[in-house]
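Peer 1: I have a structure here, written as structure tokens, and I will follow up with some questions on it.
The values are calculated or read from the model by the stated rules, or taken from the named source; none is laboratory data. Fair warning: this is a prediction, and the values are worked out from it, not measured in the lab. Reconstructed Cβ throughout: ideal geometry from the backbone, glycine too, with neighbour counts over all protein chains shown. All accessible areas refer to the heavy atoms of the entire protein, side chains included, with ligands and DNA or RNA removed. Shrake-Rupley method; radii C 1.70, N 1.55, O 1.52, S 1.80 Å.
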Amino acid sequence: MFSMEKTIDEDTLEKLLYLSRLSPESMDLPTLKKHLDEIVSYFEILSKFDDSENPYDAYPSTQSEKLRADEIVAGLEIPDVKKVSPNFMDGYFQVPKVLGEGA
């Protein structure tokens, strides 16, 4: 099996520096090129894994016939709502004030 190690050429390195808004003067270019070549080699390792299965199988599917029916049902009665919170008065829930003094 033929394996060719891929590396970043100078033109691609200059374009990457431009896109990342890095200046070549502020970096050690041989060291940066070495790190980029290592990153590219990781992609070669990843490409050896089988990815022939359908990528959409990882996401759950929803079928419209499995959804609940769109029917009007009775809501909670007032006595049941009063059991939810002790701060229920005159048909409303009493909640803490949201906005403070300096708002």
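Peer 1: Under 9 Å between Cβ atoms, which residue pairs at least 6 apart in sequence (or on different chains) link something in region 13-34 that is in contact (Cβ under 8 Å) with a residue 24 or more places away in the chain with a partner that is open to solvent by 70 Å² or more (accessible area, probe 1.4 Å)?
Peer 2: Sorted first by the residue in region 13-34, then by its partner, the pairs are K33/T7; K33/E10.
Peer 1: Cβ contacts < 6 Å: first residue more than 10 Å from K6 (Cα to Cα), restricted to region 35-46; second residue open to solvent by less than 80 Å² (accessible area, probe 1.4 Å) and of a type outside the set (S, T, Y), any location; separation 6+ or different chain. Result?
Peer 2: Pairs found: L36/I8.
Peer 1: With the requirement that a residue be modelled with pLDDT of 85 or more and either within 26 Å of K48 (Cβ to Cβ) or hydrophobic (A, V, I, L, M, F, W, C) (or both), what does region 1-12 give you?
Peer 2: Within region 1-12, D9, T12 qualify.
Peer 1: Right, something else. Give the residue that is most open to solvent (accessible area, probe 1.4 Å), with candidates limited to residues of region 54-73 that are modelled with pLDDT of 70 or more and β-branched (V, I, T).
Peer 2: The extreme case among them is I72.
Peer 1: So if I check each of D37, D51, D28, which one is under 26 Å from L16 (Cβ atoms) and modelled with pLDDT of 85 or more?
Peer 2: Going through D37, D51, D28 in turn, just one is under 26 Å from L16 (Cβ atoms) and modelled with pLDDT of 85 or more: D37.
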